[in-house]
Amino acid sequence: MKKSNILLAINFICLFVTGQSNPYDLSKVPDVVKNNASVIMHLENIDMQIDNPERISVKVHRIFSVLNEDGKDALLFNEYSSKDISLDEAEIKVYDANGKQIEKYKKKDMFTTAVGEGLIEDGYVTFRPILAKSYPITVEFKYEQTIKSTLNIPDYRFIHVKEGIVESNYTAKVPKDIELRYKGFNTSIQPIITEDPGYKMYKWTVKDLSPIEYEEGSASPKSKYPHISFVANNFSHYGFHGDLSSWKNFGLWINNLYNGLDILPANRQQFFADLTKNASTENEKIKLIYNYLQKNFRYVSIQLGIGGLRPYSAEFTDQKKYGDCKALSNYMKAALKSIGIKSHVAIINAEYNEEPVDPSFPSNDFNHVILCIPEPKDSVWLECTSSVTDFNELGSFTENRNALLITDEGGVLVSTPKSQSAANIISTTTTVTVADDMSAATETIFTTKGEFRRMISSILQEKTDEQKKFIVFYLGAKQPDDFIISKEENSDENKTKLKMLIAKLPEFIASNKCFINPRTYKIWVSKLPKSENRKFDFYFHFPFEKYDTTIFKFPIGMTPDVLPKEQEIKCDYGLYKSKCWLDEKTNSLYSTTTLILKQHKIPVADYAFVKKFFDAVMQDDSQRLVTKKQETEKKAF
């Protein structure tokens, strides 16, 4: 080749290389995608293929840029594996702001760790964190999975908080003899459907999506964000073939998994007969056995059995004295069965901010098991994993839902009880003995029910430092110089005593006047998120009733000078009252406060009114009691 031709070729190559643009150039991303984003998804392709009823293949390819520290969670590659889910291949490539590849990892370069509580193998997580020295940074994930089941087909979740989408695609390839059902939640996108010999293909595509803003207190991401769910009507799981075309048929399949596992040995059956022989009603018998379960068995988060769906036998659980939700519920069922009481396990989607499963779309959208004893009027519901939950109480973790009762005739979708404020009560009565030097000794009796009872019970098990955090940050009390919290002696288990020593009671002192909080604990400590432009409903953890009585016993020479104004605030969802008065005979001041939240889910249309209500509560809680201290007469010399 002539020298001139060689130089021409070199120049052409240099021009070609230097002329290439960064394929992930953020300046070319539409503003509608980029504005308010912390992550930009340039391209996502998810290919899901059902090979046969026992096997799904999934291929995922994502290229995204993380723009700032708020998006750093996206830099963690984190995939779960188990006996029925395998991570076959995985690759990560990392690019700098100019599109130059700076790092590359294969599956062998990643970390794998077991998950679970150590009692039994739950599964594994393969992960690799990507460290960003600067932003923006672009990452490419490629991986392949094999799922040895068609019970749980991966959803298409195409957008997350603070993530703008340039393009995302999900393709489902399904044999024609397998019926695939799908439904969009919080989205109206529809697939393009094509066919080839033996298969039916569905493809969903989204482009140029604006980021979703995070809203504190909204429903779980699983419930609220746009996604497509999939169900194979005829499925296989661990070799167990089933039908998910209806709730009834799915319940029959679950019932078959439990069949024969609710039988206790004769000696244990006799034990429960003896335990309940003096009970006069069926409910008394159920309560005796439930209390026995709470005191003698412990919950462990393990996934025993067929993919977390089939429990170990009641006999096994009886021997080990521990179990997960399905094992303990099955054991309670077996104990009741031994004395002639029929009950049903119920599968449910648990979490305080989860939405009920869609009755019109039968699917395995459950993560927890409870127990139901049908009654003509009000059925008895039991949370078998808790050692402190009151008999026939569930709490907002599983209330307000649709649970699938597993009966011999199949599944029956029923509503669990509605959350009620009267189920969660905390009542505090505090005596504050004020000394001449303005230090104070306090003694509080907490009477609790429901979620508050579980909370206090948990705090009693914590170390001193954690108990102090609870007193200061949750109860809103002044930091004590010393304290002791314990069960109240000679009383029922719902009462707890807290004694504190406080070196300086007043918030501040001006001349001979002291400014004091009119109650030891704040009735409400959290400022609710802004209401402007809110798009999602707001969830409190549970509805509640709070009652506080605080009695100040002042020393001789100190008297209240200005009392906080009596207050009453109402809205459709809440009630607040506060009042103070002086008992002149004993030189004691009484302060009473009531705060009631009637329901824990607040529709977005009403949220602004509820926020205004709680802002007013906090404003009233900032009022101060002003006391006057007599000055000692000065002697003349």
- Query: Please state the relative contact order of the stretch 422-629 as a whole percent: Cα pairs under 8 Å, 6+ residues apart?
  - Reply: 24
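What is the stretch 26-219 by shape, rounded, prolate or oblate, if you read a ≥ b ≥ c off the alpha carbon gyration tensor as root eigenvalues and call it rounded for a/c under 1.5, prolate for a/b larger than b/c, and oblate otherwise? Walk me through the numbers before you get to the answer.
Working: a/c = 1.70, a/b = 1.19, b/c = 1.42.
Cα axes put the stretch 26-219 in the oblate bin.
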- From the square roots a ≥ b ≥ c of the eigenvalues of the alpha-carbon gyration tensor of the stretch 558-608, which class results: rounded (a/c under 1.5), prolate (a/b over b/c), or oblate? prolate
- Output ³J(HN,Hα) for the stretch 230-244: one whole-Hz value per residue in order, computed from phi by the Karplus curve 6.51 cos²θ - 1.76 cosθ + 1.60 with θ = phi - 60°, and x for Gly and Pro. 10, 9, 8, 4, 10, 10, 9, 9, 6, x, 9, 7, x, 10, 10
- Message: Just to be sure I understand: of the beta bridges DSSP finds with both ends in the stretch 26-219, what percent are antiparallel, rounded to 5?
- Response: 85
- Say R0 is 56 Å: what FRET efficiency, to the nearest 0.05, do Phe316 and Asp561 get from their beta-carbon distance? 0.25
- Query: Label Asn367 and Arg181 with points 7 Å out from Cα along Cα→Cβ: what is the distance between them in nm?
  - Reply: 2.2
- Mean-position separation - Cα centroids, the stretch 408-434 and the stretch 260-330, in angstrom: 24
- Using alpha carbon centroids, what distance separates the stretch 158-218 and the stretch 53-125, in Å? 21
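Using 0.36 nm times the number of residues separating Val388 and Asn512, minus their current alpha carbon distance, what extension gain do you get?
On the way: separation 124, 0.36 × 124 = 44.64 nm, distance 4.84 nm.
The Val388-Asn512 span can extend by a further 39.8 nm.
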- Query: Expressed as an acute angle from 0 to 90° and rounded to the nearest 10, what is the orientation of the C-alpha long axis of helix 607-621 relative to the principal long axis of the chain?
  - Reply: 30
- In order through the stretch 503-514: 3J(HN,Hα) via Karplus (6.51 cos²θ - 1.76 cosθ + 1.60), integer Hz, x for Gly, Pro: 5, 9, 6, x, 5, 7, 10, 10, 6, 9, 10, 10
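Computed FRET efficiency, Cβ-Cβ of Asp378 and Asp196, R0 35 Å: what is it to the nearest 0.05?
Numbers: r = 55 Å, r/R0 = 1.57.
That pair, Asp378 with Asp196, gives E of 0.05.
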- When we measure straight from the Cα of Lys463, which lysines land under 24 angstrom away, once same-chain ones fewer than 8 places off are left out? Lys295, Lys449, Lys478, Lys487, Lys495, Lys497, Lys499, Lys522
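Take every Cα pair under 8 Å in the stretch 246-418 that's 6+ residues apart, average their separations, divide by the length, and report that relative contact order as a whole percent.
The normalised contact order for the stretch 246-418 reaches 27 percent.
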- Tell me which lysines have Cα within less than 17 Å of Lys173's Cα, excluding those fewer than 8 residues away on the same chain? Lys59, Lys148, Lys183, Lys200, Lys203
- Query: Of the peptides 422-434, 233-245, how do they stack up when ordered by the mean number of other Cβ atoms within 10 Å, highest first?
  - Reply: 422-434, 233-245
- Under the classification rounded if a/c is under 1.5, otherwise prolate if a/b is larger than b/c and oblate if not, where does the chain fall, given a ≥ b ≥ c as square roots of the Cα gyration tensor eigenvalues? oblate
- Enter the angle in degrees (range 0 to 90, nearest 10) between the Cα long axis of helix 325-338 and the first principal axis of the Cα atoms of the chain, meaning the one along which they spread out most. 70
- Task: Describe numerically, in nm with one decimal, the distance between label points set 7 Å from Cα along Cα→Cβ at Glu409 and at Asn256.
- Result: 2.0
- Would you kindly state how much longer the chain becomes between Asp615 and Ser82 on full extension, computed as 0.36 nm times their sequence separation minus their alpha carbon distance, in nm to one decimal? 187.1 nm
- Message: Using only the alpha-carbon atoms, how far is helix 3-19 inclined from the longest principal axis of the chain? Give it as 0 to 90 degrees, nearest 10.
- Response: 30
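Please list 98-111, 342-355 highest first by mean number of surrounding beta-carbon atoms within 10 Å per residue.
Numbers: 98-111: 12.4, 342-355: 21.8.
The most tightly packed comes first, giving 342-355, 98-111.
For Val32 and Lys535, compute 0.36 nm times the residue count separating them, minus their Cα-Cα distance, and round to one decimal in nm.
Values: separation 503, 0.36 × 503 = 181.08 nm, distance 1.82 nm.
This chain segment gains 179.3 nm when fully extended.
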- Message: If you take every DSSP beta bridge fully contained in the chain, what fraction is antiparallel? Give it as a percent rounded to 5.
- Response: 90
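Just from its helices, what would the mean residue ellipticity at 222 nm be for the chain, if runs of 4 or more DSSP H residues each count -39500 (n - 2.57) and the sum is divided by every residue, rounded to the nearest 500 deg cm²/dmol?
Mean residue ellipticity at 222 nm (helix-derived): -5500 deg cm²/dmol.
Give me Leu404, Leu76 ranked fewest to most by other Cβ atoms within 10 Å of their Cβ, as a rough exposure proxy. All intermediate terms of the calculation are to be shown ahead of the outcome.
Details: Leu404 26, Leu76 10.
So the ranking, lowest neighbour count to highest, is Leu76, Leu404.
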- Any aspartates and glutamates with Cα under 13 Å of the Lys108 Cα? List them, leaving off those in the same chain fewer than 8 positions away. Asp88, Glu89, Glu91
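Efficiency by 1/(1 + (r/R0)^6): what FRET value for Thr205 and Asp436, r their Cβ-Cβ distance, R0 = 51 Å, to the nearest 0.05? Show your work: numbers first, answer last.
Working: r = 77 Å, r/R0 = 1.50.
The computed FRET efficiency comes out at 0.10.
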- Message: Just to confirm my numbers, what's the Cα centroid distance between the stretch 568-601 and the stretch 461-538 in Å?
- Response: 16
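Among the listed pairs Lys72/Lys601; Lys222/Lys527; Lys285/Lys337; Lys285/Lys333, give every one whose C-alpha distance is greater than 20 Å.
Distance filter (> 20 Å) returns Lys72/Lys601; Lys222/Lys527.
Values quoted throughout were computed directly from the atomic coordinates according to the rules given, and no laboratory measurement underlies them. Small disclaimer: the values here were computed from a predicted structure and weren't measured. Cβ: placed from backbone, ideal geometry, glycine included. Neighbour counts: every protein chain shown.
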